[in-house]
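Data first, discussion second: the structure below is written as C-alpha cells.
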Amino acid sequence: MKRITTTNIERRLLRLAVMAFALPLAAFLFTACSDDDDIVKTPLSATSITEAAKTVSTLNFSWQPVEGATQYAYELREKATETIILGGTTNTTTLLATNLKPNTAYEMSVWAYAALSSDKTTSSKITITATTNEVIPLATPSDITSEWGAGTITITWPAVENAQGYEYQYEKNGETVSGVTADNSLTIAGLPVGEYTVYLRAVSDDENFSDSESIAFTFKREKAEIWRTPCSYYSGFFDETFSCDIVAYDDGNYEIAGLYGSDKALEFNADENGELLVINAYKVNSPYTYVDAGDYKLCLYIASGYSGVECSRTSGYVWYYAYIYDNAGNYLGDGYDEVTWGGEDEPTDAPAFLVGEYTETTSCQDFLNGVDWVTVTGQTSDVKIEKVDDTTVSLYNLYGLGDTLTGTVDLASRTITFSLKEDFYGYYTFCQYDEPETPVVATIADDGTISINNWTLWYGPYNYSYIYGAESVLVKK
C-alpha cells in the first residue's frame, strides 16, 4: 500500500482553515459577554425613619416602605459606647426595642435589600438618634398632719401624684415596724408614752417612676386621760381629809391629782404584789421615795407590807406610810395616808353597758387575698355592739368583714368570750390563732375600751390561719 504523506504546503493550508473557523467564534463569545456587563444596577431608594411612642426602657421605630425592597436590615446602637444592642433583618417596617437604659441616647439605622434578580441594589443606610425617657422621681410626701384619738395616732398627707403606695417605718418597743399602705394615711395604735419618728416615702411599681425621698415625721405620744373620779385623801399625821381626784391614763398609770390640797400630783401604779410603785418621784433612796406635795415634801416608805393599791373607775384605794417635811426640810411627823373613792356597784346590766357604736382599729398579718401576706397597720372600721339577752351581745363588722359575732359578757372579770363561728365571712372559723377549737376572749378596760387580741380566721379544709398577730381595739364613739 502506498503511504500518504503531508507536505509542508498541506500543513499550512490546514492551519489557515482552523484559524478561519476559530476567529468568528471568539468574536461571538466576546460580544455576548460585553452585552451582560453593560447592565447597570441602581440603589433602592432610601427609607425614612420615624420615632414613635417611647418609655424609660423602650424605643419604638417605624419607617416608610421602599418600592422593590424584599426586606430591611436594621441596627440599634448605644450612641455613647457604640455598642450594638440589636441587629438583624425583617419583612416589616416597625421595630420595638425593649430592656433599654433610661435617659440614654441610641442610634437606629435601617437600609433596604432588593431581590438578586432585580435591577436594584441595597439602599443607602438611614440613621436617626432617639433617647429613652428619664425616670421621674415621685414627689416626697409633705404637709403631714396628725390627730390623736383613744391611744391611736392617725398621720395624714396629701396624695402624691402617680404614687401607688407609701412605705413607712418606725420603732415600737425596740422593734422596727415597716410596711406599705395604699392610702395617704397611717394609723398607729399601742404606742407607749415617748417620742417617735415615722419615715415615709412614696413608691410605685411603674418603671417610669422612682421612689421618692424619705421624709421624717416626729411626734410625741403623750399620755391621755381616760377617766377621772373624785376621791378623798386622808392624812394620818394631820388627821385631816383633803379633796382630790383619781385619774387613769391610757399608758396604764394613775395619778392622785391635788396631793394634800395642792396642785401637785402623785403618779403611780401597782407592782406585781399590788403595792405602790411611784412614777414621778424626784428622789429615790430605797425603800424611801420622795414626792412634792406643794407646801410639804413627802417621804414615802415603800417597803413590803407598807402600801397597797387597787384601782377601778368605780371604786378603789391607795395607801402608804408617809414621813412629812416642810419645804425648809424640817421634819413634821409621819403616819399612814389613804386615798379612797367610789364603792358603788358595777353595772348589773352588762350588755347595756357595752351597747353602742365603736371605732375598731386592727393591726395584723393578712392572707385573705390568697396570694401573699399583707401587713395591716391601724386599719379602722365602724363596728356596732347590740344586746342579745341579759348576758350576751352581738358584734357586727369586725375588721370590716360585714359579719356578726356573738359573745358572752362577764363584767366581773371584764371579758367577752366570743362563740366559735365556723361560717364567719362565709368560709372561716373565728378563733384564737392556730387554735381552731379555742374561742377568742376580749378584755374590757375601765373606760369601756375593748381589746380583742390573738384572733384569726381559720380555714378548716386546709388547716390554715389566714390572719395572725391580730390586735383589735374598740373605742366607743
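Among the residues in the range 395-403, are any under 27 Å from the mean Cα position of the chain (by Cα), over 18 Å from Thr152 (Cβ atoms) and surrounded by fewer than 16 Cβ atoms within 10 Å (Cβ to Cβ)? Yes: one or more hits. Restricting the first member to the range 178-195 and to residues that are in contact (Cβ under 8 Å) with a residue 12 or more places away in the chain and surrounded by 12 or more Cβ atoms within 10 Å (Cβ to Cβ), and the second to residues that are assigned to a strand (DSSP E or B) and of a type in the set (Asp, Glu), the beta-carbon pairs closer than 7 Å and six or more apart or on different chains are Val180/Glu167; Gly190/Glu471.
Checked against (1) surrounded by 17 or more Cβ atoms within 10 Å (Cβ to Cβ); (2) at negative phi; (3) touching a strand residue (DSSP E or B) at 6+ places or on another chain (Cβ under 7 Å), Ser204 meets all criteria but (3). Scanning the range 111-139 for residues that are assigned to a loop (DSSP other than H, G, I, E, B), farther than 28 Å from Ala69 by Cβ and of a type in the set (Val, Ile, Thr) returns Thr132, Val135.
Rundown of residues vs (1) surrounded by fewer than 16 Cβ atoms within 10 Å (Cβ to Cβ); (2) at pLDDT below 95; (3) in a loop (DSSP other than H, G, I, E, B), yes/no style:
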position: Leu25; (1), (2), (3): yes, yes, no
position: Leu29; (1), (2), (3): yes, yes, no
position: Asp35; (1), (2), (3): yes, yes, no
position: Ile39; (1), (2), (3): yes, yes, yes
position: Lys54; (1), (2), (3): no, yes, yes
position: Phe61; (1), (2), (3): no, no, no
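Per-residue answers, yes or no, for (1) open to solvent by less than 60 Å² (accessible area, probe 1.4 Å); (2) at pLDDT below 85; (3) over 23 Å from Thr154 (Cα atoms):
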position: Thr377; (1), (2), (3): yes, no, no
position: Val383; (1), (2), (3): yes, no, no
position: Thr408; (1), (2), (3): no, no, yes
position: Thr417; (1), (2), (3): yes, no, yes
position: Tyr425; (1), (2), (3): no, yes, yes
position: Thr443; (1), (2), (3): no, no, yes
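With respect to the conditions (1) at pLDDT below 90; (2) open to solvent by 40 Å² or more (accessible area, probe 1.4 Å); (3) hydrophobic (A, V, I, L, M, F, W, C), Ile153 lacks only one, and its number is (2). Applying a threshold of 6 Å to beta carbon distances and a minimum spacing of six or more residues, or different chains, the list of pairs starting in the range 420-433 at a residue that is among the hydrophobic types (A, V, I, L, M, F, W, C) and ending at one that is open to solvent by less than 50 Å² (accessible area, probe 1.4 Å) and part of a loop (DSSP other than H, G, I, E, B) reads Leu420/Pro439; Phe424/Asp403; Cys431/Thr438. Against the criterion of being open to solvent by less than 60 Å² (accessible area, probe 1.4 Å) and either of a type in the set (A, V, I, L, M, F, W, C) or in contact with a helix residue (DSSP H, G or I) (Cβ under 8 Å, 6 or more places away or on another chain) (or both), Leu332 does not qualify. If I filter the range 241-265 down to residues being without any contact (Cβ under 8 Å) to a residue 40 or more places away in the chain and touching a helix residue (DSSP H, G or I) at 6+ places or on another chain (Cβ under 9 Å), which single residue comes out as most open to solvent (accessible area, probe 1.4 Å)? Only one residue tops the list, namely Ser243. For the range 63-76, name all the residues that are of a type in the set (A, V, I, L, M, F, W, C) and either in a strand (DSSP E or B) or surrounded by fewer than 17 Cβ atoms within 10 Å (Cβ to Cβ) (or both). Result: Trp63, Ala69, Ala73, Leu76. Looking across the range 83-110 at every residue that is of a type in the set (Val, Ile, Thr), buried (at least 16 other Cβ atoms within 10 Å of the Cβ) and part of a strand (DSSP E or B), the one that is modelled with the lowest pLDDT is identified as Ile85.
Of all the criteria given as (1) more than 19 Å from Leu368 (Cβ to Cβ); (2) open to solvent by 60 Å² or more (accessible area, probe 1.4 Å), the one not satisfied by Pro439 is (2).
The values are calculated or read from the model by the stated rules, or taken from the named source; none is laboratory data. A quick note: this is a predicted structure, and the numbers were derived from the prediction, not measured. All Cβ positions, even for glycine, are placed from backbone atoms using ideal geometry, and neighbour counts span all protein chains on display. Heavy atoms of the whole protein, side chains included, go into the accessibility calculation; ligands, DNA and RNA do not. Shrake-Rupley method; radii C 1.70, N 1.55, O 1.52, S 1.80 Å.
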